[in-house]
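Below is one structure, written out as structure tokens; the observations come after it.
The values are calculated or read from the model by the stated rules, or taken from the named source; none is laboratory data. Computed from a predicted model, the values in this text were never measured in an experiment. Cβ sites come from the backbone with ideal geometry, for glycine too, and all protein chains shown count toward neighbours.
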Amino acid sequence: MTKHINENVLHGKVADHYIEDGYTYHVMKPEIKIYDLDAAKQFLSERLALTKGKTYPMIFNSQNIEVFSMDAQKFEATDEALQGLSLMAGIVKKKIQRLLGNLYIMLHKPKVLMKMFDNKEDCIKWIEKQKLKAAA
């Protein structure tokens, strides 16, 4: 069930979503261990319900995700899934996930600039650095 708490907070079926400090922050629900195509489409629906057509940089906390299915990965690279995103920063639990995620990003060159990190603070620093680069 999706529930708007206020205009900046939405508790969804697959994630809790927040707008704060000019970016969106999404925390996957603890019970979501496999991020498959259904989860990816539900996540998009929830994110778009929160952002209401506006574009934001996004921080995606996927520390509890154990498997990202190939179908979900392919979907996440589509224009449909990327709508409303200016930048994407992901948080993963294990260093190997971060390394493999960044390698995947480097090889597949997504349409939206993206990078994986170990924590939210590094995500925010990277987003702010990218905003400054874009403004220069």
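Listed by first and then second residue, the pairs with beta-carbon distance under 8 Å, at least 6 apart or on different chains, first residue in the range 85-103 and within 16 Å of Glu66 (Cα to Cα), second in a helix (DSSP H, G or I) and small (Gly, Ala, Ser), are Gly90/Gly101; Val92/Gly101. Taking (1) in contact (Cβ under 8 Å) with a residue 40 or more places away in the chain; (2) assigned to a loop (DSSP other than H, G, I, E, B) in turn, Asn64 satisfies each apart from (1). Hey, can you tell me all the residues within the range 28-59 that are touching a Ser or Thr at 6+ places or on another chain (Cβ under 9 Å), within 24 Å of Trp126 (Cα to Cα) and among the aromatic types (Phe, Trp, Tyr)? Hit for the range 28-59 is Tyr56, nothing else. Within the range 64-74, not a single residue is touching a Gly at 6+ places or on another chain (Cβ under 9 Å) and aliphatic (A, V, I, L, M). Of all residues in the range 10-58, those satisfying the criterion of being within 18 Å of Leu85 (Cα to Cα), surrounded by fewer than 15 Cβ atoms within 10 Å (Cβ to Cβ) and in contact with a strand residue (DSSP E or B) (Cβ under 8 Å, 6 or more places away or on another chain) are Gly22, Ala49, Thr55.
Restricting attention to the range 83-111, the residues being at pLDDT below 95 and either in a helix (DSSP H, G or I) or surrounded by fewer than 18 Cβ atoms within 10 Å (Cβ to Cβ) (or both) number 19. Scan the range 14-68 for residues that are closer than 24 Å to Lys129 by Cα and of a type in the set (Val, Ile, Thr) and the total you get is 6.
Residues of the range 54-70 that are out of contact with any Pro (no Cβ under 9 Å at 6 or more places or on another chain) and modelled with pLDDT under 95: Ser62, Gln63, Ile65, Glu66, Val67, Phe68, Ser69, Met70.
Within the range 112-136, the only residue that satisfies the criterion of being among the acidic types (Asp, Glu) and not in a helix (DSSP H, G or I) is Asp118.
Inspect the range 38-53 for any residue being at pLDDT 95 or above, more than 25 Å from Glu7 (Cβ to Cβ) and out of contact with any Lys or Arg (no Cβ under 9 Å at 6 or more places or on another chain) and give the result as yes or no. Checked the range 38-53: at least one residue is at pLDDT 95 or above, more than 25 Å from Glu7 (Cβ to Cβ) and out of contact with any Lys or Arg (no Cβ under 9 Å at 6 or more places or on another chain). Among the residues making up the range 16-39, those that are among the aliphatic types (A, V, I, L, M) and in contact with an Asp or Glu (Cβ under 6 Å, 6 or more places away or on another chain) are Val27, Leu37.
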